[in-house]
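Step one of this worksheet: look at the structure below.
Throughout, read-outs are computed from the coordinates displayed, never taken from laboratory work. Just so it is clear, the structure is predicted and the values come from calculations on it, not from any experiment. Neighbour counts run over all protein chains shown; Cβ positions are idealised from the backbone, glycine included.
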Amino acid sequence: MERRYRIAWVHAQKYPFPFPDEELEKRFELVPFDDMVSVIYSLQEEGIEPLDGLIFFGSEPPPPQIITKLAYLGVYPVIWKTGRITQLNREASHRVKIHELFDDSSSPEDVLRRITYLIEHPIKLNPQENAAEIRYRMPLIKRLFDIIVSSIALLLLSPVFLIVAIAIRMESKGKVFYYSWRIGTGFQAFKFYKFRSMYTGADSRLKDLKHMNQYTQKEEELQSDTNTLSEPTLGTNGMYYADGRMMTEEELRTFRKQKEGATFIKIKDDPRVTKVGRFIRNTSIDELPQLWNVLKGDMSIVGNRPLPLYEAEKITTDRFARRFLAPAGITGLWQVTKRGKGEMSEEERMMLDNDYARDYSFRRDLKLIFKTIPALLQKENV
Amino acid sequence: MEKTLLAVDDEQSILMILDFVFGKKYKVVQKTNGAEALQWMHQGNLPDVIVADMNMPEMNGFEFILQIRSSGLYRDIPLIMLSGNENTADKIKCLNAGADDYLIKPFNPEELEARINNIFRRMNR
């Protein structure tokens with residue numbers, strides 16, 4: 001009896017498996033995932049049974065770093081299912097090293113034949129070349145700067161650390177430091193340190209507080225839209241058609257975004273925060289332990305904010321994923337650009353992250369650091 | 001840009017002839033069976049045209065056609081079979097599986113070239 005291959009089916013929630021076939025399901029065990037990062041996270045952190053291959057649905061390929069990371073985790077082949085294959089799809093597949101491409105005209109036999117062949121005849125990769133691609137290389141000058149600045153800062157700030165630690169312990173029981181897993185450069189998960197600013201056990205109360213989220217749209221707006229619209233379908237000449245309404249691509253994006261809910265979670269006047277917590281948050285002192293992360297090399301001083309898993313996994317599948325290709329950092333473009341005005345949309349925020357990823361240099365980093373200093377003196381309670 | 005011709009045959013002399021005839025116009029890549037050819041393609045190489053033999057060890061020409069035509073990446077690559085097997089049933093089987101043409105050995109390289117050019121003309125390349 002041949003082994004049944006384990007194949008990840010990514011975007012299982014949005015799309016049913018597009019090649020329903022008895023024979024295929026006999027040979028393949030389809031493991032559903034919502035997105036690529038969940039696959040990586042499950043293999044890396046949760047230690048699920050290894051996967052042979054992966055099929056994802058989408059109009060655009062994921063960044064090559066994800067494919068390399070998957071290869072590193074033993075997932076081969078990575079297969080892209082798209083609506084209709086074009087020369088552009090093929091070129092993109094080639095560029096990001098996707099191993100196979102299928103569309104609506106591919107039959108289940110095609111899929112079965114190709115996946116089986118690819119699994120049974122893995123390509124020989126040069127392991128060193130592979131490892132080099134996975135690890136994002138931080139420029140030496142950036143790393144040196146990080147080490148020097150963070151160690152000096154840690155040394156100079158040690159009295160502050162001591163005082164804050166005592167204050168935290170005096171107000172509420174629990175650990176002085178708090179960590180959460182964050183996704184940084186190249187989707188690497190690491191422990192992200194902060195001073196504890198909430199009562200212990202606060203994470204479990206997060207769900208109850210979702211309605212207070214600043215980034216969620218106003219209730220009525222959402223209501224009126226979902227009442228009049230069902231899921232729109234793609235029509236001709238770039239317009240999208242829903243029951244009783246026509247919309248442009250721009251409108252469609254807004255529509256989808258509202259349906260999916262806000263990606264970032266940030267809450268005004270959060271009741272879970274302690275008094276000391278409120279003070280250290282307003283002064284950004286709670287962020288200081290990240291200097292330790294910088295010294296360790298998890299992140300840099302300037303870079304894109306490393307995201308918690310539930311945020312990271314929502315923004316990997318589309319064009320915003322580029323942000324993960326740049327170093328993760330304490331301060332970055334979005335923090336200095338608009339901090340304190342409280343009105344930046346998550347779209348804008350992610351655009352800024354991408355912007356940084358596209359073009360970063362040591363000079364730009366220095367500029368950002370100088371701009372961060374006034375931004376730190378912000379007053380808003382976020 | 002120079003086009004790539006992938007020649008797949010276990011017979012060394014055929015590979016040499018193909019290289020000699022097409023070497024000036026194409027970059028000729030030589031592989032001795034279907035599995036080797038596929039491995040080369042899986043490493044990220046996309047030939048512009050493939051000329052393949054039928055009877056080869058490891059993977060024969062027919063299985064090779066099926067793999068190429070099942071793949072969304074490779075299914076539009078022109079593929080011409082070159083075989084000593086004159087059996088019409090086999091010929092039809094290959095054409096039905098998606099071979100663009102089937103030439104019988106011994107073959108005239110000029111005819112092969114003409115057929116390849118015609119395929120490109122129809123594809124507007």
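Miscellaneous remarks
- Calculated FRET efficiency for the pair A:Arg363/A:Val176, C-beta based, R₀ 51 Å, to 0.05: 0.90
- Once both labels are positioned 7 Å from their Cα atoms along Cα-to-Cβ, the gap between B:Gln12 and B:Met123 label points is 3.1 nm.
- Neighbouring Cβ atoms from other chains, within 10 Å of the Cβ of residues in A:109-117, number 4 on average.
- Peptides B:18-30, B:111-123 ranked from most to least packed, by the mean per-residue count of other Cβ atoms within 10 Å: B:18-30, B:111-123.
- Applying 1/(1 + (r/R0)^6) with r as the Cβ-Cβ distance of A:Arg84 and B:Glu111 and R0 = 30 angstrom yields a FRET efficiency of 0.30.
- At R0 = 41 Å, FRET efficiency that the Cβ-Cβ distance of B:Gln39 and A:Leu154 yields, to 0.05: 0.20
- Label zone (B:Asn87, point 7 Å along Cα-to-C-beta; backbone nitrogen cut-off 15 Å) within region B:58-75: B:60-63.
- Which listed pairs, of A:Lys69/A:Lys142; A:Lys14/A:Lys191; A:Lys14/B:Lys93, have C-alpha distances above 28 Å, in listed order: A:Lys14/A:Lys191; A:Lys14/B:Lys93
- Taking 0.36 nm per residue of sequence separation and removing the Cα-Cα distance, the A:Lys371/A:Glu2 pair yields an extension gain of 126.7 nm.
- Centre separation in Å (Cα based) which lies between region A:11-75 and region B:57-111: 33 Å
- Averaged over peptide B:62-72, the number of partner chain Cβ atoms lying within 10 Å of each residue's Cβ comes to 5.
- When A:Thr86, A:Thr185, B:Thr32 are arranged by Cβ crowding within 10 Å, least crowded first, meaning fewest neighbours, the order is A:Thr86, B:Thr32, A:Thr185.
- Modelled spin labels at A:Glu29 and B:Leu46, positioned 7 Å past Cα toward Cβ, are 3.5 nm from each other.
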